[in-house]
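Engineer: This structure is in structure tokens; I'll ask about it shortly.
The values are calculated or read from the model by the stated rules, or taken from the named source; none is laboratory data. From a predicted model like this one, the values you see are computed outputs, not experimental measurements. Counting neighbours? That spans all protein chains shown, and the Cβs are built from the backbone with ideal geometry, glycine included.
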Amino acid sequence: MKRLVIEPSERRQIDWLVDEVLDEYGQWDPVQFVPHAKAVAESLPIRVRQFFRRVQSDEADVAVLSGLPLSPDLEPTPTGWDMAEKLGAGTREEVVLTLCSAVLGEAFAWGNQQNGRIVHDVCPAPGKERSETSGSSTAPLSLHTEDAFHQCRCDYVALYCLRNPDRIGTTVVRAERLALPERLSGILSERRFHHRPDQSHVGPQGHSSGVAEVDAILFGPPESRYLRIDFDDTCAADEDDREAREAITELYGYVVAAQERVALEPGDAIFLDNYRVVHGREPFEPRYDGTDRWLKRVNLIRDLRRVFVATEARSRIIG
């Protein structure tokens, strides 16, 4: 894991940059700002920019920035992303995450996730406690790569911690820590698996952003394998393919054994390589009193043209 701790002078520099963004661009709208974010991010502290260059060139699977600025009058944790959108909660933190993320990739979004917002709020929502969405709480968020079903799944998931008083853990599993038998790796590398849209992509009528794909679970260079899997929504493409079904179960055992726990502190931003890391979240009991865990999230892609091809337009919103 790569980590950079922000120094006080760098924190002030980032705060000033956030002030400049909000002064210049007026009412905060990530969709309008992100096309300019890379240019503005050139004014981030040089150590931050160099850190992300190393993360990208080294293909670091997990990277953490610690000590990022938080508003001294941060709002109470919203009861769900829709309340956060309505209140405009955590605006300064959205600017911080958008700027830092711009050094690593291009932000994009899904039309049927959180109303097509570029920056998501991850906080518990009443009625969603056991769902497979970012509003869940009492049920663990099962291990997955983000949007495994889609060809435009992100290269990185960025999570910025605003509040986490109970030190609820983000679970991560690095592909390089999986000592899989050759036989199992061989099966998982074959196009025998159905990657279905997860619950956050399926609307009331069952419509989703894209068609579920049949593909492998393991792919890429043998010395540094990549993954695509959602243990809730990946299954054998052929229901009679017992070997493929058993391979998923066997893989799950190896993944659980390799789990690591990262308890994010306020001011921490974690960047997960979505091709080399499976992630999830521990269960917790929400209080809905304004003190619950609250993160901001952005999906990042290295080549924005992949999104343009998927949308058949120069849009960062898929679906």
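Engineer: Going residue by residue through the stretch 209-218, is there one that turns out to be of a type in the set (S, T, N, Q), modelled with pLDDT under 95, under 22 Å from residue 110 (Cβ atoms) and crowded, with 20+ Cβ neighbours inside 10 Å?
Structural biologist: The answer is yes, given that some residue of the stretch 209-218 is of a type in the set (S, T, N, Q), modelled with pLDDT under 95, under 22 Å from residue 110 (Cβ atoms) and crowded, with 20+ Cβ neighbours inside 10 Å.
Engineer: Looking only at residues in the stretch 236-274 that are without any contact (Cβ under 8 Å) to a residue 12 or more places away in the chain and of a type in the set (Lys, Arg), which one is surrounded by the fewest Cβ atoms within 10 Å (Cβ to Cβ)?
Structural biologist: 242
Engineer: While we're here: Return the residues of the stretch 81-135 that are more than 23 Å from residue 13 (Cα to Cα) and acidic (Asp, Glu); say none if nothing qualifies.
Structural biologist: 82, 85, 121, 129, 132
Engineer: If you take the residues of the stretch 192-208 that are small (Gly, Ala, Ser) and surrounded by fewer than 17 Cβ atoms within 10 Å (Cβ to Cβ), which of them is modelled with the highest pLDDT?
Structural biologist: 203
Engineer: Moving to a separate point now. Select from the stretch 300-318 the residues that are touching a helix residue (DSSP H, G or I) at 6+ places or on another chain (Cβ under 8 Å), over 16 Å from residue 156 (Cα atoms) and touching a residue at least 60 places away in the same chain (Cβ under 8 Å) and write down the one among them that is surrounded by the fewest Cβ atoms within 10 Å (Cβ to Cβ).
Structural biologist: 317
Engineer: Sticking with this structure for a sec: Step by step: first the residues of the stretch 126-163, then only those that are under 23 Å from residue 98 (Cβ atoms) and touching a Ser or Thr at 6+ places or on another chain (Cβ under 6 Å), then the one that is surrounded by the most Cβ atoms within 10 Å (Cβ to Cβ). Which residue is that?
Structural biologist: 158
Engineer: Of the conditions (1) surrounded by fewer than 23 Cβ atoms within 10 Å (Cβ to Cβ); (2) under 12 Å from the mean Cα position of the chain (by Cα); (3) closer than 22 Å to residue 76 by Cα; (4) among the hydrophobic types (A, V, I, L, M, F, W, C), residue 168 fails just one. Which one is it?
Structural biologist: (2)
Engineer: Taking residue 17 as meeting all but one of (1) surrounded by 15 or more Cβ atoms within 10 Å (Cβ to Cβ); (2) under 18 Å from residue 264 (Cβ atoms), write down the number of the exception.
Structural biologist: (2)
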